[in-house]
Every structure is written in structure tokens, then in C-alpha cells.
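Working notes, beginning with the structure itself.
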Amino acid sequence: MPLVIAEIGINHGGDIKVAKEMVRAAYKAGAECVKHQTHILDDEMTDEAKTIIPPNASISIWDIMENSCLTMDEEEELKKYTENLGLIYLSTPFSRKAANFLAELDVLAFKIGSGEVDNLPLLRHVARFGKPMIVSTGMQTLASLQKSVDLLREEQAEFVLLECTNLYPSPPENVSLQGIIELRNNFGVPVGFSDHSLGPTMAVA
């Protein structure tokens, strides 16, 4: 049976109460694990981010993220809440400080977002905690992914790759389930599926 991981991310909009409601909904739906995102802005971004306003926004990317992420105390509270329900708590660190924080929280494993897979210094930093890693691939090519896989093997990391289509949501015709086989054949590691499509169809397939 596959391990089902429910995505929490920063979809709670920075509200710990909403985050807990999402965790409880995942629990009631039968998920075994939830995955959050850990953002510590002063280690993740430069001050320039305070002046960059995305095309679809009226405030800076820094302010958007500041409004969307939990504090470190709130994340620790969310982890305890998750584990009290009997679920596994995972998170994606977006900086070395975030990875250090998650290591202090004693997470069982680390999730690496597809946009961070070619951030080799961060990848090496996380690998050296000696915990399993779940590595998404949506923003990578086979060539760029090879460098990351080589690094993880050099660090003797235990890892899996996730086939992922980096569209939110992903139209069914853009989802490549064949990519699961291609990743397995190219890298010889366990491969999972990161599903951004609407509904259960692609996950069932």
C-alpha cells in the first residue's frame, strides 16, 4: 500500500486554527501523514524581496510569504497536534535555518520541493541530517536531476523521488504517469507521485 501524504503547505494563510482544521480533515479522510512548508524569511530571501511585487499581487513577495507562514512556535504546536492524532508530520524547508529548525523538532523525514532540488548547498545540508528525504521533481529535467541524485548518493542519503507536474491545478492531459516509470528506470530508486490535479482520478490511475 502507498503512503498517502496530505498537503497542508501554506494553504492555511498563516492561521494556526485553519492549519489544525486542515490536519484534522486529513486525519478524517484517512491520510497517514501531512506535509507542511517551513519558511524563515530572513534566511530564505534577500531584502530585495521586500520590493518585488508579483504580477498578480499588490504587495511584495516578502509580505505575501510573511502573511502566509506560521511562526516557529506555531509550527511546533502544529506538529504536536498532528502527532497527537497519530499522523506523521513532515515539512519542506526553504532554507538551511528552516532545515535546522525541523531537525530540532525531530521530524522523521524531509520533503524537498521541486524548486529547491537544484539548490545543491541546501540539498547537501539536509542530507547530512541522515534522515530520509522525499524529493519532488516537477521543476527539473532529467539532466538537472542527475546532479542532485549524484549528490544524494555521495552523501549516502536514503531518498525517494516524486513524479510531479508543476501546474496548480494540473489538467489531466498534462499529468505524466509514465514519468514515474521514467524516473525509476533512469535513477533506480523508489518513486512516488505528487498530485496537483483536481479530484482523485490521477492518484487512482
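The values are calculated or read from the model by the stated rules, or taken from the named source; none is laboratory data. These numbers come from a predicted model, not from an experiment. Backbone-built Cβ (ideal geometry, glycine too); neighbour counts: all protein chains shown. Calculation scope for accessible area: heavy atoms of the full protein, side chains included, ligands and nucleic acids excluded. Shrake-Rupley method; radii C 1.70, N 1.55, O 1.52, S 1.80 Å.
Are any of the residues in region 28-44 farther than 30 Å from F193 by Cβ, surrounded by 16 or more Cβ atoms within 10 Å (Cβ to Cβ) and of a type outside the set (G, A, S)? Quick ask: steps written out before the conclusion?
Quick first cut of region 28-44, residues farther than 30 Å from F193 by Cβ only: 41-43.
Applying the additional criterion that residues be surrounded by 16 or more Cβ atoms within 10 Å (Cβ to Cβ) yields 41.
Those left that are additionally of a type outside the set (G, A, S): 41.
Checked region 28-44: at least one residue is farther than 30 Å from F193 by Cβ, surrounded by 16 or more Cβ atoms within 10 Å (Cβ to Cβ) and of a type outside the set (G, A, S).
Those residues that are buried (at least 21 other Cβ atoms within 10 Å of the Cβ) and at pLDDT below 95, I need them from region 117-138; list them, please.
Passing the criteria: V117, S136, T137.
If the requirement is being open to solvent by less than 70 Å² (accessible area, probe 1.4 Å) and without any contact (Cβ under 8 Å) to a residue 60 or more places away in the chain, which of these qualifies: N100, N84? Quick ask: steps written out before the conclusion?
Working: N84 fails: open to solvent by less than 70 Å² (accessible area, probe 1.4 Å).
From the options N100, N84, the qualifying one is N100.
Under 7 Å between Cβ atoms, at least 6 apart or on separate chains: pull out the pairs that start in region 59-79 with a residue that is open to solvent by less than 30 Å² (accessible area, probe 1.4 Å) and modelled with pLDDT of 95 or more and end on any residue that is assigned to a loop (DSSP other than H, G, I, E, B) and of a type in the set (D, E).
Partner pairs satisfying both residue conditions: none exist.
Among the residues of region 174-190, is any within 17 Å of M133 (Cβ to Cβ), open to solvent by less than 40 Å² (accessible area, probe 1.4 Å) and in contact with a Gly (Cβ under 8 Å, 6 or more places away or on another chain)?
No, every residue in region 174-190 fails to be within 17 Å of M133 (Cβ to Cβ), open to solvent by less than 40 Å² (accessible area, probe 1.4 Å) and in contact with a Gly (Cβ under 8 Å, 6 or more places away or on another chain).
L161 is checked against (1) in contact with a Phe, Trp or Tyr (Cβ under 8 Å, 6 or more places away or on another chain); (2) over 23 Å from I8 (Cβ atoms); (3) not in a loop (DSSP other than H, G, I, E, B) and fails just one. What number does that condition carry?
(2)
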